[in-house]
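The values are calculated or read from the model by the stated rules, or taken from the named source; none is laboratory data. All figures in this text were calculated on a predicted structure; none of them were measured in a lab. A quick note on method: Cβ atoms are made from the backbone with ideal geometry, for glycine too, and the neighbour counts reach across all protein chains shown.
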Amino acid sequence: MRTIILLFSLFLLHACVVKGPKHVSSIGKIEVIDPELASVLDTNARIEIIAEGHEWTEGPVWVASENKLLYSDIPQNRIFEWTEERGSVLYLKKSGYTGSKARGGELGSNGLLLDRNGKLILCQHGDRRIARMDAEVSGPESRFISLADNYNGKKLNSPNDACLRSNGDIFFTDPPYGLEGYVDDPSKEISFQGVYKASGGKTVLLTDSITRPNGIALLNKEKTLLVANSDPDKAKWYLFDLGNNDSLSNPRLLFDATAYVTPTSKGLPDGLKVDGNGNIFATGPGGVFIFNAAGKLLGRLLIPEACSNVALSDDGKTVFITADMYVLKMKIRP
């Protein structure tokens with residue numbers, strides 16, 4: 001029976017994901033907390049399902065040069081691409097784990113981004129590194145160049161999410177989610193969950209004080225670092241000032257969402273993105289939290305599935321959301 005169910009699930013995956021939905025369904029609703037939200041997005045917009053049937057979607061990135069979205073399905077160890085014309089199709093196998101030894105857990109790629117040359121950068125759970133795909137985005141291959149895989153000679157846990165500074169530096173988080181035994185995995189070599197900078201072949205620890213560092217972004221003309229904490233007991237977003245040699249100072253809260261963590265509000269502070277005006281779209285308990293550049297909570301996208309990450313189109317008119325088995329799209333500006 002298990003085999004039959006698995007085969008049927010694979011059929012559904014092919015029918016619903018590879019070819020994309022034949023009709024557009026909507027999900028969730030918009031919660032207006034402050035009227036200023038109307039200056040950030042169309043409060044009457046629909047949140048559309050554009051792909052479904054996945055196991056756990058993550059790490060979306062918009063590729064403007066090809067007018068497509070790339071996103072990870074972590075348990076499948078694959079990346080998919082979505083376009084208006086074709087829907088979702090398989091883009092890359094072995095996206096996060098390239099080894100030959102069978103293993104379980106969250107082994108695929110997580111966060112995705114493009115470097116200054118348009119190359120794909122991946123947070124690889126299974127291979128426990130930040131890597132660059134050794135191929136053009138238009139011709140994907142499962143070949144990678146490691147950019148950061150250890151700290152002081154010890155293997156990283158499982159790089160989760162990353163952001164790029166204009167000079168090419170990569171800031172990334174390293175929780176234990178890609179390890180089969182999570183924080184108690186016997187192969188874990190680093191005792192903490194760090195936030196790092198990868199630059200010029202060196203990996204520099206920025207902080208080890210966050211229990212489950214996850215989503216990450218640069219704000220305020222790259223002078224401020226924002227880090228999400230996906231700890232249900234400390235469901236918070238932290239801000240730090242970047243000082244000399246990128247030392248972190250003036251730690252403070254952007255927002256504490258711990259009270260929003262309930263049995264009916266799925267998700268935790270996870271991936272996030274910042275638009276051209278400094279507004280923050282951050283996945284959290286119950287959906288996506290939207291803050292203005294001053295850190296005021298303006299509203300939420302209330303979504304019944306756990307949201308893991310978001311991507312913004314280059315023109316700032318569309319937000320894409322990875323939400324458990326779904327990928328969602330919302331036109332936020334005409």
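Of all residues in segment 31-66, how many are in contact with a Lys or Arg (Cβ under 6 Å, 6 or more places away or on another chain) and farther than 20 Å from residue 267 by Cβ? Residues in segment 31-66 being in contact with a Lys or Arg (Cβ under 6 Å, 6 or more places away or on another chain) and farther than 20 Å from residue 267 by Cβ: 1 in total. Within the option set 321, 280, 290, being in contact with a helix residue (DSSP H, G or I) (Cβ under 8 Å, 6 or more places away or on another chain) and either modelled with pLDDT of 95 or more or of a type in the set (S, T, N, Q) (or both) holds for one residue only, 290.
Can you list the strands (runs of 3 or more DSSP E) lying wholly within segment 86-203 that have 1 or more residues being touching a strand residue (DSSP E or B) at 6+ places or on another chain (Cβ under 9 Å) and of a type in the set (Ser, Thr, Tyr)?
Because the criterion is at least 1 residues that are touching a strand residue (DSSP E or B) at 6+ places or on another chain (Cβ under 9 Å) and of a type in the set (Ser, Thr, Tyr), the strands (runs of 3 or more DSSP E) in segment 86-203 that meet it are 87-93, 109-114, 144-148, 170-174, 194-199.
Residue pairs whose Cβ atoms lie under 9 Å apart, sitting 6 or more positions apart in sequence or on different chains, and linking a residue in segment 32-56 that is over 26 Å from residue 160 (Cα atoms) to a partner that is part of a helix (DSSP H, G or I), are 32/38; 43/37.
Of the residues contained in segment 133-147, none is found to be surrounded by 22 or more Cβ atoms within 10 Å (Cβ to Cβ), under 26 Å from residue 224 (Cβ atoms) and not charged (D, E, K, R).
Look at segment 295-334 and say how many of its residues are part of a loop (DSSP other than H, G, I, E, B) and under 25 Å from residue 232 (Cα atoms).
Summing the residues that are part of a loop (DSSP other than H, G, I, E, B) and under 25 Å from residue 232 (Cα atoms) in segment 295-334 gives 8.
Considering segment 223-282, and only residues there that are hydrophobic (A, V, I, L, M, F, W, C) and assigned to a loop (DSSP other than H, G, I, E, B), the residue that is surrounded by the fewest Cβ atoms within 10 Å (Cβ to Cβ) turns out to be 261.
Got a sec? Which strands (runs of 3 or more DSSP E) wholly within segment 28-81 have at least 1 residues that are in contact with a helix residue (DSSP H, G or I) (Cβ under 6 Å, 6 or more places away or on another chain)?
Strands (runs of 3 or more DSSP E) meeting the threshold: 47-51.
Of all residues in segment 73-102, those that are charged (D, E, K, R), under 23 Å from residue 313 (Cα atoms) and without any contact (Cβ under 8 Å) to a residue 24 or more places away in the chain total 3. Applying the condition of being within 14 Å of residue 324 (Cβ to Cβ) and touching a residue at least 60 places away in the same chain (Cβ under 8 Å) to segment 286-304 and asking which residue is surrounded by the fewest Cβ atoms within 10 Å (Cβ to Cβ) yields 304.
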